[in-house]
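Below is one structure, written out as structure tokens; comments come after it.
The values are calculated or read from the model by the stated rules, or taken from the named source; none is laboratory data. In this text the structure is predicted, and so the values were computed from the model without any measurement. Using ideal geometry, Cβ is built from the backbone for each residue, glycine included, and neighbour counts are taken over all protein chains shown. Heavy atoms of the whole protein, side chains included, go into the accessibility calculation; ligands, DNA and RNA do not. Shrake-Rupley method; radii C 1.70, N 1.55, O 1.52, S 1.80 Å.
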Amino acid sequence: MRLIFLGPPGAGKGTQAQRIESFLNIKQLSTGDMLRAAVAAKTPVGLVAQDIMARGDLVPDEVVVGIIADRIDEADCANGFILDGFPRNVAQAEALNVMLDEKGLTLDGVIELKVNSEILIGRILKRAEESAGGPREDDTQEALTHRLRVYEEQTAPVSAYYAGKGVLKEVDGMQEIDQVTEAIKATLGVN
Ligand code: ADP
């Protein structure tokens, strides 16, 4: 299965993607994780991404589109994948369409985790406090507020884009973690 998980920062995409990854034996592909690894390793992509990510802006489309295009060709994606954090604007969604067409692949579903914005800020600040390796550079109040605005302006239209294609499925992300997982499985018809 090839899936996209949409939702604002703190919606629980990563947590749920990890669970569905092992349940369906498909690969979670988090552009945020890949970019943080590139920053830590000081690769050319990491050097471009570092300051952009720290302030909560989006890394240039061609960078993330290139990363995803290469990554989904890897053997561990043959059984499918979950895109977590990509596409993050309509241009990326259109680039993904072209990319999948060229590779002869189709999407099986787009899941949007719905969470109220007041809950998101609390969740992320808690995650920052509890994070073992110290808080992420972009989990400060200022960067977080900016990330949420970038989400509203650039990523929320991606939901409308997939809704227009009739492939968007909404799941209530404010339930208990296990209940959210069950709701996703039910939506995908895999439980
Ligand atoms: P969150 O889900 O909390 O927003 P992520 O780990 O998904 O965090 O992303 C962290 C940062 O990585 C983003 O704020 C952005 O700078 C960068 N990033 C991740 N995915 C993309 C993408 N598809 N396009 C552009 N930038 C991205």
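Structural remarks
- Its Cα centre serving as origin, the range 133-191 has a Cβ charge dipole (Lys and Arg +1, Asp and Glu -1) of approximately 340 debye.
- Under a 5 Å amide H cut-off, with hydrogens placed 1.01 Å from N, Glu112 pairs with Leu6, Lys169, Glu170, Val171 among residues at least 5 apart or on other chains.
- Probe 1.4 Å, all protein chains present, accessible-area order of Lys103, Lys13, Lys42, largest first: Lys42, Lys103, Lys13
- Only the Cβ atoms of Lys and Arg (+1) and of Asp and Glu (-1) were treated as charged; on that basis the dipole of the chain about its Cα centre amounts to roughly 160 debye.
- Shape of the chain, Cα gyration tensor, a/c cut at 1.5: rounded
- Along the axis of the charge dipole computed for the chain (Cβ charges of +1 for Lys and Arg, -1 for Asp and Glu, origin at the Cα centre), the listed residues Gln50, Gly134, Val65 are led at the positive end by Gly134.
- Vicinal HN-Hα couplings computed from phi for the range 145-156 (Karplus, 6.51 cos²θ - 1.76 cosθ + 1.60; Hz; Gly/Pro x): 4, 5, 4, 5, 5, 4, 4, 4, 6, 10, 9, 3
- 5 angstrom amide H check on Gly80, placed H, neighbours 5+ away: Lys27
- Helices in the chain, meaning DSSP H runs of at least 4 residues, each add -39500 (n - 2.57). Divided by all residues, the mean residue ellipticity at 222 nm is -16500 deg cm²/dmol.
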